[in-house]
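What follows is a short report on a single structure.
Since every read-out is calculated from the coordinates, none of them should be taken as a lab result. Because the structure is predicted, anything quoted here is derived from the model rather than measured. Glycine gets a Cβ as well: all are built from the backbone with ideal geometry, and neighbour counts include every protein chain shown.
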């Protein structure tokens, strides 16, 4: 079984190149939002841990931001975004 995946892999000269993956399974999954949400939360958690480690090393944050480990209003990447 594989995950559904459709995301823009690269933009060049006004053209977007996309990756497409399909999921095939033998049984019905009765909680698909939880399953798909889990994939996205895993990716967000990776982003959070990487940022928290960065700010921990640099000491750039203070107050609430330091406790949270990230800057207020800092944008989060698309969990589907392809990164090399």
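Peptides 10-18, 53-61 ordered by packing proxy, namely the average of other Cβ atoms within 10 Å per residue, highest first: 53-61, 10-18. Measuring nothing but alpha carbons in segment 23-73 and taking Rh as the Kirkwood radius, the Rg to Rh ratio lands at 1.26.
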